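Notes follow the structure.
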Amino acid sequence: MESDLRSIGELARDSGLSVSALRFYDGAEVLAPARVDPRTGYRWYAPGQLADARLLARLRRVGLPLAGIRAVLGAAPGSGAAQRLMDEHLRRLEDGLADARRELSLIRRLIDQRESPMTTTPAEHRFTVPARELAEALDAVRFAVGGDPELPVLSGVLFDLDGGLLRLVATDRYRIALAEVPVVPEGPEVPEESAASVAAAVPAAPSASAVVPVALADAVRALLGSAPNAVELAFGAGTVHITVGDHRIEGAALDHDYPDYRALVRLEPVHRIGLPTAELRAALVSAATSSLPSGPHGAACEVTLLTVDGEGRFAVTAPGAGADGAAGALRVAVNRDFLLEALPADAPGQLLLELGGPIAPLAVRTADRPGTFSVLMPVRLPA
């Protein structure tokens, strides 16, 4: 009965949402009224919808995107899906807060240098990392180093110290590669451990970063094959010092601000595809490709198509080969050579592909190194 229903004004008053917001969420298929008067178009809401409206208002306050709000309100009771969505959103908020704190710390140092240029000397940050993990990290990111002379900062590898982890980052704007290296705790020598175990044992430390020229990074990598267990690094006053056994390599860091990579690697994939590295490599090599002007500076590149059908089946094919026209299929076109370079060298490993959509970045991860992964920008296919 209409007497049991709330008018749109009453629901707005009781929920904290405005009338215009309720109209918007009706049009967005998030919170539709229980009844719409066919003559006046007036919206009426059932008593049980007040709880949804109040939940919606709070979801808005914490900045949940529209798709997330729709998913929370549409989640099946008892499935746990809504709680998982909230956990994911909380992680995003915490990541954003951590990024803001790091930026504010850097801003304060820059303000100090600006206000006291003659007395403020950048502190040197000295730390130690395991040699094997550093070698693996350099191997994992080296392929993505840029070579555009108009963007000299991308011709280096970012060494980003963040507490108990050293992150290595390389990008040429078309792909980005990241790898994590644990920082060895100060004090008595400790046995070699996994990256996660060592990082967990390290207390919080100041953040610091340096963009290491690729020639310097390559020189360090050449020494790591016969290096002892640990490598010492020091950043300070625009210089980089790296000690590998009896060898000491030093040079000037690139004097440019590196792009903020953190926001670029927080992906929300639609599909996660697990498969052996060797299997994907073989599929990429054997599948037909299309040559399109989608490489750096418009150069032609070989494009391959990754598809996931409505049943979750993954395939590698060429654009226009038929699979890209399947109803309901997710289709992501990528530079075939870029994807091959992003695959880890250890072929027996298990791989995880994360696909978000035809224009969303594609992530390539390995099961045993969650902090080491690559992100590729898709290729836009001609209409």
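Of the heavy-atom accessible surface of the chain (probe 1.4 angstrom), what whole percent is carbon and sulfur? Don't skip to the answer; put the middle values down first.
Working: 11020 of 20330 Å².
Ligands and nucleic acids excluded, carbon and sulfur give 54 percent.
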Helix 277-286 versus the longest principal axis of the chain: what is the Cα-based angle in degrees, 0 to 90, to the nearest 10?
80
Degrees, to the nearest 10: 131-141 long Cα axis against longest axis of the chain
60
Taking 56 Å as R0, compute the FRET efficiency from the Cβ-Cβ separation of ARG58 and ARG132 and round it to 0.05.
0.70
Per-residue counts of other Cβ atoms within 10 Å, averaged by peptide: what ranking do you get for 368-381, 54-67, highest first?
368-381, 54-67
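Less than 10 Å Cβ to Cβ from PRO33, Lys/Arg counted +1 and Asp/Glu -1: what total charge do the surrounding residues give? It would help to have the intermediate numbers written out before the result.
Values: positive: ARG6, ARG23, ARG35, ARG43; negative: ASP26, ASP37.
Taking every Cβ under 10 Å from that of PRO33, the sum is +2.
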Nonlocal amide H pairs with SER209, under 5 Å, H built at 1.01 Å:
LEU161
The chain - Debye-derived log10 I(q)/I(0), Cα point model, q = 0.07 Å⁻¹
-0.45
How high is the relative contact order of region 230-382, given as a whole-number percent (alpha carbon pairs under 8 Å, six or more residues apart)?
20
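At 0.36 nm per residue, minus the direct Cα-Cα distance, what do ARG108 and ASP337 gain on full extension? Give it in nm, one decimal, please.
Values: separation 229, 0.36 × 229 = 82.44 nm, distance 4.24 nm.
Residue separation times 0.36 nm, minus the Cα-Cα distance, leaves 78.2 nm.
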Which FRET efficiency value, to the nearest 0.05, is calculated for TYR42 and ALA67 with the Förster distance at 25 angstrom and r the Cβ-Cβ distance?
0.30
Can you compute the FRET efficiency between ASP218 and ALA81 using 1/(1 + (r/R0)^6), with r the Cβ-Cβ distance and R0 = 41 Å? Round to the nearest 0.05.
0.30
Given Cβ charges of +1 for Lys and Arg and -1 for Asp and Glu, the option among VAL240, ALA300, THR372 whose Cα lies farthest towards the positive end of the dipole of the chain is ALA300
Of the peptides 15-24, 211-220, how do they stack up when ordered by the mean number of other Cβ atoms within 10 Å, highest first?
211-220, 15-24
Rounded to the nearest whole Å², what accessible area per residue is found for the chain with the 1.4 Å probe?
53
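Please state the charge dipole magnitude for the chain, taken about the Cα centre, from unit charges on C-beta atoms (+1 on K and R, -1 on D and E), reported in debye and rounded to the nearest 20.
1380
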Label-point separation, ALA367 to ALA315 (7 Å along Cα→Cβ), nm
2.5
Spin-label model distance (nm) - HIS271 vs ALA98, 7 Å beyond Cα toward Cβ
3.0
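The values are calculated or read from the model by the stated rules, or taken from the named source; none is laboratory data. Quantities reported herein were computed from a predicted structural model and do not represent experimental measurements. Please note: Cβ atoms are built from the backbone with ideal geometry, for glycine as well, and neighbour counts cover all protein chains shown. With ligands, DNA and RNA removed, areas are computed over all heavy atoms of the protein, side chains included. Shrake-Rupley method; radii C 1.70, N 1.55, O 1.52, S 1.80 Å.
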